Amino acid sequence: MNGEEEFFDAVTGFDSDNSSGEFSEAHQKVTGMIDLDTGKNNRIGKIGERPSQENGIQKHRTSLPAPMFSRSDFSVWTILKKCVGLELSKITMPIAFNEPLSFLQRITEYMEHVYLIHRASCQPQPLERMQSVAAFAVSAVASQWERTGKPFNPLLGETYELIREDLGFRFISEQVSHHPPISAFHSEGLNHDFLFHGSIYPKLKFWGKSVEAEPRGTITLELLKHNEAYTWTNPTCCVHNVIIGKLWIEQYGTVEILNHRTGHKCVLHFKPCGLFGKELHKVEGHIQDKNKKKLFVIYGKWTECLWGIDPVSYESFKKQERRGDHLRKAKLDDSSGKADSDVADDVPGTQETVQVIPGSKLLWRINTRPPNSAQMYNFTSFTVSLNELETGMEKTLPPTDCRLRPDIRGMENGNMGSRDSPASASRVAGFTDLASQEKERLEEKQREARRERAREEAEWQTRWFYPGSNPYTGTPDWLYAGDYFERNFSDCPDIY
């Protein structure tokens, strides 16, 4: 099999069985769970009743049809031990390490805090708008906290749409390339206040004890009322202890958000964990004008909240803090006698909450997660609803939508009904067999379609996006072709 015929599931992390599930409140008061069932001869599944509506606003489910299961019977080391330092897009991983979402749906989680975009659009001054845009950029990675399961790698031509009238946006994404994997997305405000778009192709590497996802691709936000465009790239995400120990995540790197009309720039530093874990999850930065004058200081944690204050007050507070700082010098533990691959990266201890400087302004706070989040892959309330398939929806969706993908649907349902294995340790094997068989079938279908195009010397044609240049940065990008919501799906490919 040559490189063009390979089809593997990219690694973005591994699920943790040790998540604490600390949050105990749901962000929205939503009710109703759809009972979805994937039978052997029914790849879409049996669709339950449409969720009830209150005051014209649709309610979304608050739980998945089946809880997640233990990964303790699976050894990832047998797969990854030969892959240190290599790019992971061509390494096959067992479906047991997945979460029941496509990467296209995971991109949609950027929109959970879309109210920050609406707020930015209403702000009269560019400094205030940048504050809200910066908070949105940080909030876009917040759902990854404790999310160590990997999403399904999208099939070429796969799509996902989401319309949330209650949140004021609609969203469309498409897997536009397989080698390399590229996901393009486009979102717009229902009140015509913004456009949000980009193309994502993270580079994934395994470093012995951790998996690192280096961000690739430009993210663009346009505030139409102000004729402004902002661009940035996400920080690097790292999942620690993929071989031994408790899994944990950190984000690090510098994110620069540029207002292309006014020249304002926000520089955000996502701090690496540090030697004693004191910097874990911290974000610090500032907003400057086109002359590089510092106008506003931002600080907080991407897992908790973000605050801002004027530079003079910030520096005054820091000086007082330094004068009263008499921390003892910590001694380093000598662990040189242990093999690196046999030692887990220490999980940082309980982190203190963000210390709020007097006079600070709250820019954003994370949504509390549902009480059963730890049993649902640490999904947020917003995420739980993403794969929801309502009555009649399959008639309006294109046949390429993630909700209709049978391997993801099978994993979400946790249906072991067609297996004869005992309901003990074999439960996991029976469960993964059903979803894995569908996954393998889909991948073979993709390989055969690729061979057929090669025989006919035909190029793959994307449906909703086309390659071009970002209009603000000039860098390569995938641009929305339009007309998706006209719902002419007659020429969509058969990928499932």
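For this structure, a couple of remarks:
- Subset of region 165-187 (residues that are under 17 Å from residue 484 (Cβ atoms) and buried (at least 20 other Cβ atoms within 10 Å of the Cβ)): 169, 171, 172, 173, 174, 175, 176, 183, 184, 185, 186, 187
- Looking only at region 381-400, and only at residues there that are of a type in the set (Val, Ile, Thr) and not in a loop (DSSP other than H, G, I, E, B), the one that is surrounded by the fewest Cβ atoms within 10 Å (Cβ to Cβ): 396
- Residue within region 407-416 that is of a type in the set (Gly, Ala, Ser), open to solvent by less than 60 Å² (accessible area, probe 1.4 Å), farther than 28 Å from residue 58 by Cβ and modelled with pLDDT under 90 present: no
- Some residue of region 146-162 being of a type in the set (S, T, N, Q), surrounded by 23 or more Cβ atoms within 10 Å (Cβ to Cβ) and closer than 21 Å to residue 374 by Cβ: yes
- Single match in 247, 221 (criterion: within 30 Å of residue 180 (Cα to Cα), of a type outside the set (Val, Ile, Thr), surrounded by 19 or more Cβ atoms within 10 Å (Cβ to Cβ) and touching a helix residue (DSSP H, G or I) at 6+ places or on another chain (Cβ under 8 Å)): 221
- Qualifying residue in region 133-146 (condition: of a type in the set (Val, Ile, Thr), farther than 29 Å from residue 59 by Cβ, touching a helix residue (DSSP H, G or I) at 6+ places or on another chain (Cβ under 9 Å) and assigned to a helix (DSSP H, G or I)): yes
- Scanning region 281-294 for any residue that is modelled with pLDDT under 95, surrounded by fewer than 16 Cβ atoms within 10 Å (Cβ to Cβ) and not in a helix (DSSP H, G or I) turns up nothing.
- Checked against (1) in contact (Cβ under 8 Å) with a residue 24 or more places away in the chain; (2) under 21 Å from the mean Cα position of the chain (by Cα), residue 262 passes all but a single condition, namely (2).
- Output for region 297-313, where each listed residue is open to solvent by 20 Å² or more (accessible area, probe 1.4 Å), outside any loop (DSSP other than H, G, I, E, B) and either within 30 Å of residue 238 (Cβ to Cβ) or free of Cβ contacts under 8 Å to residues at least 12 places away in the same chain (or both): 307, 312
- Matching residues in region 221-244 - criterion: being touching a residue at least 40 places away in the same chain (Cβ under 8 Å) and in a strand (DSSP E or B): 221, 223, 228, 229, 230, 231, 232, 237, 239, 240
- Selection within region 139-157 - at pLDDT 90 or above and β-branched (Val, Ile, Thr): 141
- Taking each residue of region 363-388 that is modelled with pLDDT under 95 and looking for partners that are assigned to a strand (DSSP E or B) and among the acidic types (Asp, Glu) with beta-carbon atoms closer than 6 Å, six or more apart or interchain, yields 377/99.
- Output for region 184-214, where each listed residue is among the charged types (D, E, K, R), in contact with a Cys (Cβ under 9 Å, 6 or more places away or on another chain) and part of a loop (DSSP other than H, G, I, E, B): 193
- Within region 232-261, the set of residues being more than 21 Å from residue 144 (Cβ to Cβ) and touching a strand residue (DSSP E or B) at 6+ places or on another chain (Cβ under 7 Å) comprises 258, 259, 260, 261.
- Filtered by the rule that a residue be of a type in the set (Ser, Thr, Tyr), open to solvent by less than 60 Å² (accessible area, probe 1.4 Å), in a loop (DSSP other than H, G, I, E, B) and within 27 Å of residue 443 (Cα to Cα), region 454-496 gives 462, 496.
- Each residue in region 258-275 was checked for being under 17 Å from residue 238 (Cα atoms) and open to solvent by 60 Å² or more (accessible area, probe 1.4 Å), and 3 pass.
- The residue of region 204-229 that is modelled with the highest pLDDT, among those that are among the hydroxyl-bearing types (Ser, Thr, Tyr) and under 20 Å from residue 109 (Cα atoms), is 220.
- Condition check for residue 436: outside any strand (DSSP E or B), of a type outside the set (A, V, I, L, M) and either open to solvent by less than 60 Å² (accessible area, probe 1.4 Å) or in contact with a strand residue (DSSP E or B) (Cβ under 8 Å, 6 or more places away or on another chain) (or both): yes
- Among (1) modelled with pLDDT of 95 or more; (2) part of a loop (DSSP other than H, G, I, E, B), the one test that residue 160 misses: (2)
The values are calculated or read from the model by the stated rules, or taken from the named source; none is laboratory data. Source: prediction; values computed, not measured. Cβ sites come from the backbone with ideal geometry, for glycine too, and all protein chains shown count toward neighbours. For accessibility, only protein heavy atoms count, side chains too; no ligands or nucleic acids. Shrake-Rupley method; radii C 1.70, N 1.55, O 1.52, S 1.80 Å.
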